[in-house]
Structures are given as C-alpha cells and as structure tokens.
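Novice: Okay, here's the structure, questions in a sec.
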Amino acid sequence: MKLLEKKISSKLIYSTSFLDLYEDEVLLLNNKKSKRIYASHLGASAVLPLTKDNKVILTKQYRYPIRAVNIEIPAGKKDFKDEDGYDCVKRELEEETNYTSTNIQPLIKIHSCVGYSNEIIELFIAYDCIYIKDIRSCDEDEFIETVLYGLDEVVGMIKKGVITDAKTIIAVQSYLLDLKKW
C-alpha cells in the first residue's frame, strides 16, 4: 500500500519573510477529503561549534513561542532558496557568536517538525573555533548571549531538561555517536 495523499488544491494563507503558511485539500487513501495546514520554509543550517580545547559554544536567547530563554547551537534560516548550507552556517556562527572556523564538516540533515513544516535543517560541526573580535552583526531583532560549556556539561543539561532544543540535542547526539561515546 502506498501511503500517499493526493493534493487537490492549495491556498496560501499567510506569508512572512521566513515561511509561508498553506492550507491544502487532499484526497486520502480511503478516498475521503481532508485539509492539511503546513508551513513552507526555505530551510536552515545549524552548527555544533567546538573550540580548540573542546568547549562547546552555545547561544542563549529569548524564544517568544516558548516564552523562555533557550540554550542552543548557533543557527539561522537560509536567505534564499538554493543557499548553500555551509555558507549559511558559517555566516550564522560568526554573527551569533563572534567565532569562526576553517574546519566545518557536515553532520546530518533533519526535518525539524514533519507534522506541520517542510523545514530541513542542515547540521554541521565546526572544529577549532577561534574568537574574532567585534565581528558580530546579529539581526536587529536578535539579542544573543554566547556561552561556553564542556561537552559533559552540555550532556548533563540535555539529560536534566535544561537544553530542550531539538536541533541542539540531535547535533550533540550525532557528534557523540561519531565518537562512539553514546
């Protein structure tokens, strides 16, 4: 059995600079019609940055949808449809943390929330990050604090529920799997 739904119609409900909200009518496997509401997103990149002494560089910022300060890896949306994930993540690392790296490697690609979005986040790891003085140029509506932790501290914060951001947890777990520590 093919688990596919056939799109009958599609209506753009709302459009912003970073996503479009659609309502589609679909034909289900049982030949009944249903609606699917979803966000169409250009995609994003995120990076697990490590310093030469293996400190993990994270960001703290207030995230309005959860009404809380969130601890997460540097990340950002792609500026245009075919923007290279590497270029996006290099820019975001520098803008959000004032760190850079000449050794950024792909880690994994993830769908952030398949229930209501087509967003794909490309995850990277950046080794040997170095601090660059006064390069930061965050978006005017971003207020970000850079924090450094040991890897064991980050794992502890994940286990205690202090870090709840999915992309951050997946990046750390993927890195640990690569190290065969998890």
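The values are calculated or read from the model by the stated rules, or taken from the named source; none is laboratory data. Since the model is a prediction, treat every value here as computed from it, not as a measurement. Cβ sites come from the backbone with ideal geometry, for glycine too, and all protein chains shown count toward neighbours.
Novice: Got at least one residue in the range 142-164 being within 19 Å of the chain's Cα centre (by Cα), farther than 21 Å from Leu19 by Cβ and without any contact (Cβ under 8 Å) to a residue 12 or more places away in the chain?
Specialist: Looking through the range 142-164, at least one residue is within 19 Å of the chain's Cα centre (by Cα), farther than 21 Å from Leu19 by Cβ and without any contact (Cβ under 8 Å) to a residue 12 or more places away in the chain.
Novice: Only one of Glu83, Glu94 is surrounded by 17 or more Cβ atoms within 10 Å (Cβ to Cβ) and touching a residue at least 24 places away in the same chain (Cβ under 8 Å); which?
Specialist: Numbers: Glu83 fails: surrounded by 17 or more Cβ atoms within 10 Å (Cβ to Cβ).
None of the other options fit; the residue is Glu94.
Novice: Filter the range 11-39 down to the residues that are under 20 Å from Ile120 (Cβ atoms) and among the hydroxyl-bearing types (Ser, Thr, Tyr), then identify the one that is surrounded by the most Cβ atoms within 10 Å (Cβ to Cβ).
Specialist: Within the range 11-39, the match that is surrounded by the most Cβ atoms within 10 Å (Cβ to Cβ) is Tyr38.
Novice: Residue by residue through the range 126-136, note down the ones that are surrounded by 12 or more Cβ atoms within 10 Å (Cβ to Cβ) and at pLDDT below 80.
Specialist: If the condition is that a residue be surrounded by 12 or more Cβ atoms within 10 Å (Cβ to Cβ) and at pLDDT below 80, then Ile135, Arg136 are the ones that fit.
Novice: In the range 15-32, how many are under 22 Å from the mean Cα position of the chain (by Cα) and modelled with pLDDT of 95 or more? Spell out how you get there, then give the answer.
Specialist: As a first pass, look at the range 15-32 and keep what is under 22 Å from the mean Cα position of the chain (by Cα): 15-22.
From what is left, the residues that are modelled with pLDDT of 95 or more are 15, 20-22.
The number of residues fulfilling the criteria is 4.
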